[in-house]
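The structure under discussion is supplied below as structure tokens; questions concerning it will follow.
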Amino acid sequence: MSDYAITLEASGETFTCRDGQNVLAAMERLGRRGIPVGCRGGGCGVCKVQVLGQAGYRTLKMSRAQVSVAEEAQGICLACKLIPESDLLLRPLGVLQSRLAGLSPGRPR
Amino acid sequence: MSFTGVLRPGHAVIRVMEMEPAVTHYVERLGLIKTNEDAQGRVYLKAWDEHDAFSIVLREADSPGLDHTAFKVMSVADLDRLEADLRAYGSTCERIPAGELEDCGHRVRFEIPSGHQIELYAEKKTVGNGVGYRNPNPWPEGLKGMQANRFDHCLLYGPNLADNLDLFTNVLGFNLTERVVTPDGGLLATFFTCSNKAHDIAFVHHEEPNKFHHASFLLGSWEEVLRAADIMSMHDISIDIGPTRHGITRGRTIYFFDPSGNRNEVFCGDYTWYPDREPITWDADELGRAIFFHDRRLNENFLGVVT
């Protein structure tokens with residue numbers, strides 16, 4: 001069993017991912033932020049990241065509509081399907097867009 | 001009211017990336033019953049209180065989402081009439097032969113202005129709901145997981161909601177039950193019924209066409225919604241939001257995801273619609289409470305996460 005250090009570019013957020021765990025689940029379980037969370041099933045593309053530099057990792061099945069073969073070759077993947085096999089430096093790419101921009105946010109609680 | 005023409009949501013064909021975990025999710029957790037598997041590997045499922053052979057078809061593909069959702073119409077004569085009306089309206093219709101989906105009669109497929117493939121059909125094999133038609137028990141024993149009663153509706157995301165409104169109300173005979181409008185009269189969301197439910201299909205405005213927000217399944221009570229949430233945590237199913245209350249339709253709900261990231265809903269308790277009543281209108285600046293009545297704020301995931 002190994003733990004891997006996951007670092008997010010820009011924010012510098014760092015958290016630990018257990019062996020065999022996906023990066024998004026590790027972030028969520030520790031209450032950390034920095035990668036947008038969507039379906040957690042490799043389908044919606046919201047948690048898209050790029051693995052930077054030389055790194056060891058594997059990915060589970062992801063939607064081809066969200067990650068192309070060319071993107072995958074550049075280290076682009078979905079954090080919910082990303083299993084580290086070394087420490088990783090990640091660049092979050094996903095943008096969770098409400099396409100209803102310009103609406104007022106509703107009443108506060 | 002007398003039911004004619006389009007009766008109800010009949011089925012949805014959902015793409016999944018891996019069949020085995022998808023079947024575990026829809027059968028063991030949601031509680032659907034597997035009724036068939038065809039030569040292409042498509043898996044046919046029904047909820048226990050449905051009488052026809054299937055309401056959900058799972059198809060393995062390299063990306064998730066919705067292939068199409070289909071409505072059952074009362075008769076072949078109604079199907080022919082609706083096909084003629086669609087063609088007269090300018091829709092391009094394609095006839096899918098009987099048996100392409102096993103145990104289903106011929107289907108009429110057309111694309112709606114939001115980019116989705118919708119189908120109509122009149123005939124599907126009847127298998128019953130497991131308790132018979134004479135002196136039945138209230139429910140069959142041996143149900144699994146959340147014990148979903150029926151496939152209830154789909155919510156779809158796409159553009160051109162005003163054109164969808166025209167097609168669904170003026171050609172297909174649906175009623176608008178609720179809508180969300182911008183100050184300048186634009187449509188942000190529309191909810192339609194072909195029966196006396198609060199919704200049989202719904203749309204939210206989204207720039208990208210043909211996106212799938214969720215397939216919804218009916219439960220019997222708020223207690224069953226809570227129990228469904230327990231099952232989700234027991235099996236580490238990805239929960240989106242809930243249990244909570246919708247302003248729109250007043251449904252009590254929880255949203256979650258299948259293993260390929262397709263959103264599901266289980267819910268109970270909307271109201272009974274009759275076609276002599278006025279549709280409900282929500283103002284865009286109340287969209288937060290319209291969608292989730294207790295949160296009262298726009299939910300980025302609800303508005304942005306689709307397959």
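The values are calculated or read from the model by the stated rules, or taken from the named source; none is laboratory data. These numbers come from a predicted model, not from an experiment. Using ideal geometry, Cβ is built from the backbone for each residue, glycine included, and neighbour counts are taken over all protein chains shown. Remember, those area values only see protein heavy atoms, side chains included, never the ligands or the DNA or RNA. Shrake-Rupley method; radii C 1.70, N 1.55, O 1.52, S 1.80 Å.
What are the extents of the Cα atoms of chain B along their three principal axes, in Å, largest first?
52, 45, 44
Rounded to the nearest 20 Debye, what is the dipole magnitude of the protein assembly as shown about its Cα centre when Lys and Arg each give +1 and Asp and Glu each give -1 at the C-beta?
The calculation lands at about 600 debye.
May I ask which residue of B:Ala77, B:Trp139, B:Val181 lies farthest towards the positive end of the charge dipole of chain B, with charges of +1 (Lys, Arg) and -1 (Asp, Glu) on Cβ and the Cα centre as origin?
Among B:Ala77, B:Trp139, B:Val181, the one farthest towards the positive end of the dipole of chain B is B:Trp139.
Express the carbon and sulfur contribution to the solvent-accessible surface of chain B as a percent, rounded to the nearest whole number, probe 1.4 angstrom. Walk me through the numbers on the way to the answer.
Numbers: 5580 of 12200 Å².
Here it works out to 46 percent.
Oh, and also: Determine the shielding of peptide B:15-26 by partner chains: average, over its residues, the number of Cβ atoms on other chains within 10 angstrom of each Cβ. Mind dumping the intermediate values first?
Values: counts 3, 2, 9, 3, 0, 0, 2, 0, 0, 0, 1, 0.
What the average comes to for B:15-26 is 2.
Also, quick follow-up: Under 20 °C and 1.002 mPa s, how fast does the protein assembly as shown diffuse according to Stokes-Einstein, given a Kirkwood radius computed over C-alpha pairs? Answer in µm²/s, whole number.
96
Now, a different point. Nearest 20 debye, what's the magnitude of the dipole of chain B about its Cα centre given +1 on Lys and Arg Cβ and -1 on Asp and Glu Cβ?
Details: 30 positive and 46 negative charges, 129 e Å.
The calculation lands at about 620 debye.
Now for a separate question. Sum -39500 (n - 2.57) across every DSSP H segment of at least 4 residues in chain B, then divide by the residue count to get the 222 nm mean residue ellipticity, nearest 500.
Per the formula, -4000 deg cm²/dmol.
Still on this model: Cut-off under 13 Å on the C-alpha distance; same-chain residues fewer than 8 positions from B:Lys125 excluded. Which aspartates and glutamates are left, in chain and number order?
Counting by Cα, and skipping residues close in sequence, B:Lys125 has these aspartates and glutamates nearby: B:Glu50, B:Asp52, B:Glu102, B:Asp103.
A further question on this structure: What percentage of all Cα-Cα pairs in the range B:162-307 are separated by more than 19 Å?
Result: 54 percent of Cα pairs exceed 19 Å.
Mind ordering B:85-98, B:290-303 by average Cβ neighbours within 10 Å, highest first? Walk me through the numbers before you get to the answer.
Working: B:85-98: 13.2, B:290-303: 18.9.
The peptides rank, most packed first, as B:290-303, B:85-98.
Hey, in the GNM for chain B with a 10 angstrom Cα cutoff, which one of B:Tyr44, B:Tyr121, B:Tyr274 fluctuates hardest?
B:Tyr274
Still on this structure: Enter the buried accessible area of the B/A pair, total of both sides, probe 1.4 Å, in Å² rounded to the nearest 100.
The contact between A and B buries close to 2500 Å².
At 222 nm, what helix-only mean residue ellipticity would chain A give, in deg cm²/dmol to the nearest 500, using -39500 (n - 2.57) for each DSSP H run of four or more?
Computed mean residue ellipticity for chain A: -2500 deg cm²/dmol.
Right, another one. Could you sort the residues of the range B:196-243 by number and keep only those whose accessible area is reduced by 40 Å² or more in the all-protein-chain setting relative to the chain alone, 1.4 Å probe?
B:Ser238
Can you order the peptides B:160-166, A:69-75, B:213-219, B:51-57 by their average number of other Cβ atoms within 10 Å per residue, highest first?
Highest to lowest by the protection proxy: B:213-219, B:51-57, B:160-166, A:69-75.
Once label points are set 7 Å from the Cα along Cα→Cβ at both B:Glu223 and B:Val171, what is their separation, rounded to one decimal in nm?
Those two pseudo-labels are separated by 4.6 nm.
Here's another thing I want to ask about it. Given the Cα atoms of the range A:12-104, and with Rh set as the inverse mean 1/r over their pairs in the Kirkwood sense, what is Rg to Rh to two decimals?
Numbers: Rg = 13.2 Å, Rh = 13.5 Å.
Checking Rg against Rh, the ratio lands at 0.97.
Near the amide H of B:Ala53, under 5 Å away, which other amide H atoms are found, from residues 5 or more places off or on another chain, if H is placed in the peptide plane?
Amide H to amide H, under 5 Å and 5 or more residues apart or across chains, B:Ala53 pairs with B:Lys125, B:Val127.
Would you tell me the mean number of C-beta atoms belonging to other protein chains that fall within 10 Å of each C-beta in B:289-302, as a whole number?
3
Using a 7 Å offset from the Cα along the Cα-to-Cβ direction at both B:Asp62 and A:Thr7, what is the distance between the two label points in nm, to one decimal?
Rounded to a tenth, the inter-label distance reads 3.5 nm.
Moving to a separate point now. Distance from the Cα centre of the range A:26-96 to that of the range B:94-165, in angstrom?
That distance is 35 Å.
Would you mind getting the accessible area per residue of the protein assembly as shown, heavy atoms of the protein chains only, 1.4 Å probe, in Å²?
On a per-residue basis, the protein assembly as shown sits at 43 Å².
Then there is this: With charges only on Cβ, +1 for K and R and -1 for D and E, what is the dipole size of the range B:171-303 about its Cα centre, in debye, rounded to 20? Spell out each step's value before the answer.
Details: 12 positive and 20 negative charges, 48 e Å.
Dipole of the range B:171-303, to the nearest 20 debye: 240 debye.
Computed FRET efficiency, Cβ-Cβ of B:Ser75 and A:Arg29, R0 60 Å: what is it to the nearest 0.05?
Using R0 = 60 Å, I get an efficiency of 0.65.
For every other residue with a beta carbon closer than 10 angstrom to the beta carbon of A:Pro84, add +1 if it is Lys or Arg and -1 if Asp or Glu, then tell me the sum.
Net charge around A:Pro84: -2.
Can you list the residues in the range B:245-282 whose accessible area drops by at least 40 Å² when all protein chains are present, compared with the chain alone? Use a 1.4 Å probe, heavy atoms only.
Checking the loss per residue gives no hits.
Search the structure for amide H atoms under 5 Å from the amide H of A:Gly94, placed 1.01 Å from N in the peptide plane, and list their residues when 5 or more places away or on another chain.
A:Lys48
Across the range B:16-166, how large is the tail of the calculated P(r) beyond 23 Å, expressed as a percent of all Cα pairs?
Everything past 23 Å amounts to 44 percent.
For B:Leu298, enumerate residues with amide H under 5 Å from its amide H, sequence gap 5+ or separate chain, H modeled in the peptide plane.
HN-HN under 5 Å from B:Leu298: B:Gly288.
What residues in the range A:44-85 lose 50 Å² or more of accessible surface when the other protein chains are added to their chain alone (1.4 Å probe)?
Listed in order, they are A:Lys61.
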